[in-house]
Amino acid sequence: MFRGANAVSLDAKGRLAMPSRYRDELDSRCNGQLIVTIDAVDPCLCVYPLDEWEQIEAKLRALPSLREENRRLQRLLIGNAAVSYTHLTLPTI
């Protein structure tokens, strides 16, 4: 559903708004429920509709946890995943 990079800005409350071109489809497809997590390689956020994230999370949890790189990936992506509704409030750094 999401392709490419989008330049976004924060509002006065520190929220990141979903680009308007995605909002209608998000509302119809997943009631605006999004999962936001970090990227494992690049310094960016990854945003998924809830149904797609559930498939990704199931695959991540199925990875053999005896391998260090699998545990790292699980901790990074699942551990940093947060539910959002078309606006994401980012913590102040």
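The values are calculated or read from the model by the stated rules, or taken from the named source; none is laboratory data. Source: prediction; values computed, not measured. Glycine also receives a Cβ, built like all others from the backbone with ideal geometry; neighbour counts cover every protein chain displayed. Keep in mind that these areas ignore ligands, DNA and RNA; they rest on the heavy atoms of the full protein, side chains included. Shrake-Rupley method; radii C 1.70, N 1.55, O 1.52, S 1.80 Å.
Numbers at a glance
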quantity	calculated
Principal-axis tilt of helix 68-79 within the chain, Cα atoms, nearest 10 degrees	30
Protein-only accessible surface order, largest first, of Val47, Val8 at 1.4 Å	Val8, Val47
The chain: angle of helix 50-62 to the longest principal axis, Cα-based, in degrees nearest 10	10
Spin-label pair Arg29/Arg72, simplified geometry with 7 Å Cα→Cβ offset, distance in nm	3.1
Nearest-ten-degree value, helix 20-30 long axis tilted from longest Cα axis of the chain	60
